[in-house]
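Please treat every number below as a calculation from the coordinates, not as lab data. Just so it is clear, the model here is predicted, and its values are computed rather than measured. We place every Cβ from the backbone using ideal geometry, glycine too, and count neighbours over all the protein chains shown.
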Amino acid sequence: MVQKEAVNTSPKVQSIDRALAILETLADYPSLSLMELSEKVHLHKATTHRLVNSLMENGYIDRNPDTKQYRISLKMFHLGNKRVHNIDFLNVAKSMIRQLSDDTRQTVHLFVEDNDECCISINMVNPAVYGCNQRSVQKRRFIAPLSGKRS
């Protein structure tokens, strides 16, 4: 019996795909003219112009009035920065340390330094080796032999 390939049936919004292609293309260059951008995203100049204007009105693209070239604005950086602030890095680190401990069957220690202080210390003792699981998070001065830091 011949199996058919799964077809992506989720509806796509062409204008969003095109706008994202413009943003991704602009991210690869310091700046581009409308004609250069239009050629790189394989869209008609008028279509590219309409999409670029919409992206400019929403603050995602800047246009240099002297060179008339377009570039990504800092709004993209701002959005990315907001996303980074919403990541729970401590839980991400704990998950990775737990996986590393399981994979290596070793105890794993993570120290995060902030101005010569250990602001985060996570110790994952592999239960398969020691029969217990221990974690600690605390702020304390670095102790050179424990952190591997040499004076």
Of residues in the stretch 24-50 being among the hydroxyl-bearing types (S, T, Y) and assigned to a loop (DSSP other than H, G, I, E, B), the one surrounded by the fewest Cβ atoms within 10 Å (Cβ to Cβ): S33
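Any chance the stretch 82-93 includes a residue that's surrounded by 12 or more Cβ atoms within 10 Å (Cβ to Cβ) and under 22 Å from the mean Cα position of the chain (by Cα)? Outline the logic, then answer.
First pass over the stretch 82-93, keeping only residues surrounded by 12 or more Cβ atoms within 10 Å (Cβ to Cβ): 90, 93.
This time we only want the ones that are under 22 Å from the mean Cα position of the chain (by Cα), so: 90, 93.
Checking the stretch 82-93: at least one residue is surrounded by 12 or more Cβ atoms within 10 Å (Cβ to Cβ) and under 22 Å from the mean Cα position of the chain (by Cα).
Which of the residues that make up the stretch 54-74 are part of a loop (DSSP other than H, G, I, E, B) and of a type outside the set (A, V, I, L, M)?
N58, G59, Y60, N64, P65, D66, T67, K68, Q69, S73
Taking the stretch 61-77 on its own, how many of its residues are of a type in the set (V, I, T), surrounded by 11 or more Cβ atoms within 10 Å (Cβ to Cβ) and closer than 14 Å to L34 by Cβ?
So in the stretch 61-77, the residues of a type in the set (V, I, T) come out as 61, 67, 72.
Still in the running and surrounded by 11 or more Cβ atoms within 10 Å (Cβ to Cβ): 61, 72.
The next check asks that each one be closer than 14 Å to L34 by Cβ; those that pass are 61.
Final tally of qualifying residues: 1.
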